[in-house]
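Comments concern the structure below.
The values are calculated or read from the model by the stated rules, or taken from the named source; none is laboratory data. Just so it is clear, the structure is predicted and the values come from calculations on it, not from any experiment. Backbone-built Cβ (ideal geometry, glycine too); neighbour counts: all protein chains shown.
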Amino acid sequence: MNRAEADVAQPDQAAMPGTREDDGVWHDIRRAAQDLVRHEPILQARLHALILAHASPVAIVAAVLARRLACEEFPETALRPLMEDILHAHPAIVAQIAADLAAVKERDPACPDSLHVLLNLKGFHALQTYRIAHALWQAGRSELAFALSNQASAVFAVDIHPAARIGSGVMLDHGTGIVIGETAVVEDKVSILQNVTLGGTGKEHGDRHPKIRYGVMIGAGAKILGNIEIGMMSKVAAGSVVLKAVPAHCTVAGVPARVVRHQPPDSCPSVEMDQTL
């Protein structure tokens with residue numbers, strides 16, 4: 001595993017919940033929930049159960065995800081303590097969740113605030129469920145990790161293998177149809193739109209999925225196949241099929257994809273979210 005992949009596999013332990021930035025995110029969420037209760041009383045029970053009844057980010061995230069994922073095989077009363085235990089044991093995940101919240105709020109013009117992301121956006125929910133499943137996978141609890149990932153796929157229509165390695169500040173916009181394979185790597189500050197596949201090219205084994213570097217944006221419907229690298233700060237246009245490595249600071253488009261533009265060195269496609277060519 002190279003250095004970039006190691007950075008994703010082991011999140012920065014310095015960015016712990018309780019920092020001023022993390023506290024601000026959760027304070028804003030609680031304040032927005034209180035305001036919404038006053039304006040929309042019909043939502044009072046939901047907001048109390050998922051946000052206002054809980055004193056910590058861990059309890060809030062566990063309550064939201066357990067409510068979304070609950071079914072006969074996975075009752076909410078069993079899911080919530082499982083998720084709380086994992087989040088308490090892995091505080092770096094809570095810091096990643098805060099970074100993901102900030103990323104969506106910054107990049108999605110349709111997003112009014114972080115409360116909306118936390119309660120309503122299934123791409124965000126799918127990504128945080130992956131983070132918990134990944135912790136289970138790393139702990140050797142692969143069958144439970146698979147079961148949780150399968151339930152997330154059924155509920156959110158997002159299929160992320162629990163062994164994949166995904167950094168922080170990631171946005172899965174809309175979410176529907178996203179597939180991320182077992183040996184895929186997605187570094188920090190990446191934006192991925194709906195119906196994107198990070199897949200293999202056949203029945204090969206071993207390291208067989210794409211490596212998406214820092215600051216990349218992948219447009220809707222793009223397919224990136226094989227153990228290839230999408231260089232940092234590059235952009236994959238909607239509907240493209242990428243079969244070869246993409247250099248840093250480039251835009252690729254087409255079937256098969258080819259370089260159609262070189263990005264300015266100070267450009268960050270994942271933040272700009274400019275989907276034109």
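Being part of a loop (DSSP other than H, G, I, E, B) and of a type in the set (S, T, N, Q) is the filter; apply it to region 233-265 and report the residue that is surrounded by the fewest Cβ atoms within 10 Å (Cβ to Cβ). Don't jump to the end; show me each part of the working.
Pass one, region 233-265, residues part of a loop (DSSP other than H, G, I, E, B): 233-234, 237-240, 243-245, 247-249, 254-257, 263-265.
Retained after the next criterion (residues that are of a type in the set (S, T, N, Q)): 234, 240, 263.
On the way: Ser234: 28, Ser240: 24, Gln263: 18.
It comes out as Gln263.
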> Would it be correct to say that Asp274 is assigned to a loop (DSSP other than H, G, I, E, B) and either at pLDDT below 95 or among the hydroxyl-bearing types (Ser, Thr, Tyr) (or both)?
Replying inline: yes
>> Looking at the structure I just gave you, is Ala62 part of a loop (DSSP other than H, G, I, E, B) and in the same structural domain as Ser149 (by TED's automatic domain parsing)?
In response: no
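Run down Ile166, Ile218 and say which single residue is without any contact (Cβ under 8 Å) to a residue 40 or more places away in the chain, of a type in the set (A, V, I, L, M) and not assigned by TED's automatic domain parsing to the domain that holds Ala92. Let's see the steps before the verdict.
On the way: Ile166 fails: without any contact (Cβ under 8 Å) to a residue 40 or more places away in the chain.
Matching residue, one of Ile166, Ile218: Ile218.
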> Can you name every residue in region 203-225 that is part of a loop (DSSP other than H, G, I, E, B), buried (at least 20 other Cβ atoms within 10 Å of the Cβ) and of a type in the set (Lys, Arg)?
Replying inline: Arg213
> With (1) in a helix (DSSP H, G or I); (2) closer than 24 Å to Ala32 by Cβ as the list, and Ala152 as the residue in question, which single condition is left unmet?
Replying inline: (2)
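So that you can scan it fast, the table gives a plain yes or no per residue for (1) buried (at least 21 other Cβ atoms within 10 Å of the Cβ); (2) out of contact with any helix residue (DSSP H, G or I) (no Cβ under 7 Å at 6 or more places or on another chain); (3) modelled with pLDDT under 95:
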| site | (1), (2), (3) |
| --- | --- |
| Ala53 | no, yes, no |
| Ala59 | no, no, no |
| Leu118 | yes, no, no |
| Gln128 | yes, no, no |
| Ala135 | no, no, no |
| Ala139 | no, yes, no |
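For region 255-270, name all the residues that are of a type in the set (Gly, Ala, Ser) and in contact with a Leu (Cβ under 9 Å, 6 or more places away or on another chain).
Looking only at region 255-270, we keep the residues that are of a type in the set (Gly, Ala, Ser), and these are 257, 267, 270.
Within region 255-270, Ala257 is the sole residue that qualifies.
For the subset of region 37-59 comprising residues that are hydrophobic (A, V, I, L, M, F, W, C) and outside any helix (DSSP H, G or I), which member is farthest from Leu87 (Cα to Cα)? Give the steps one after another, and end with the answer.
Step one: filter region 37-59 for residues hydrophobic (A, V, I, L, M, F, W, C), giving 37, 42-43, 45, 47, 49-53, 55, 58-59.
From the residues that got through so far, the ones that are outside any helix (DSSP H, G or I) too are 53, 55.
Numbers: Ala53: 18, Ala55: 14 Å.
Filtering region 37-59 for residues that are hydrophobic (A, V, I, L, M, F, W, C) and outside any helix (DSSP H, G or I), the one farthest from Leu87 (Cα to Cα) comes out as Ala53.
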> Among the listed residues Ala135, Ala126, Ala152, which satisfies the condition of being in the same structural domain as Pro57 (by TED's automatic domain parsing) and in contact (Cβ under 8 Å) with a residue 60 or more places away in the chain?
Replying inline: Ala152
> If you take the residues in region 141-154 that are among the hydrophobic types (A, V, I, L, M, F, W, C) and crowded, with 18+ Cβ neighbours inside 10 Å, which one is nearest to Glu182 (Cα to Cα)?
Replying inline: Ala145
> Does region 92-110 contain any residue that is under 22 Å from Gln34 (Cβ atoms), of a type in the set (Lys, Arg), touching a residue at least 12 places away in the same chain (Cβ under 8 Å) and in a helix (DSSP H, G or I)?
Replying inline: yes
> Is it true that some residue in region 236-249 is farther than 20 Å from Ile166 by Cα and either at pLDDT below 95 or aromatic (Phe, Trp, Tyr) (or both)?
Replying inline: no
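Given the structure, is Val104 modelled with pLDDT of 95 or more and touching a Cys at 6+ places or on another chain (Cβ under 7 Å)? Reasoning before the result, please.
Working: modelled with pLDDT of 95 or more: yes; touching a Cys at 6+ places or on another chain (Cβ under 7 Å): yes.
Against the criterion (modelled with pLDDT of 95 or more and touching a Cys at 6+ places or on another chain (Cβ under 7 Å)), Val104 qualifies.
Report, by residue number, each residue of region 119-147 that is among the charged types (D, E, K, R) and in a helix (DSSP H, G or I). Let's see the steps before the verdict.
The initial filter retains those residues of region 119-147 that are among the charged types (D, E, K, R), namely 122, 131, 141, 143.
Hits for region 119-147 are Lys122, Arg131, Glu143.
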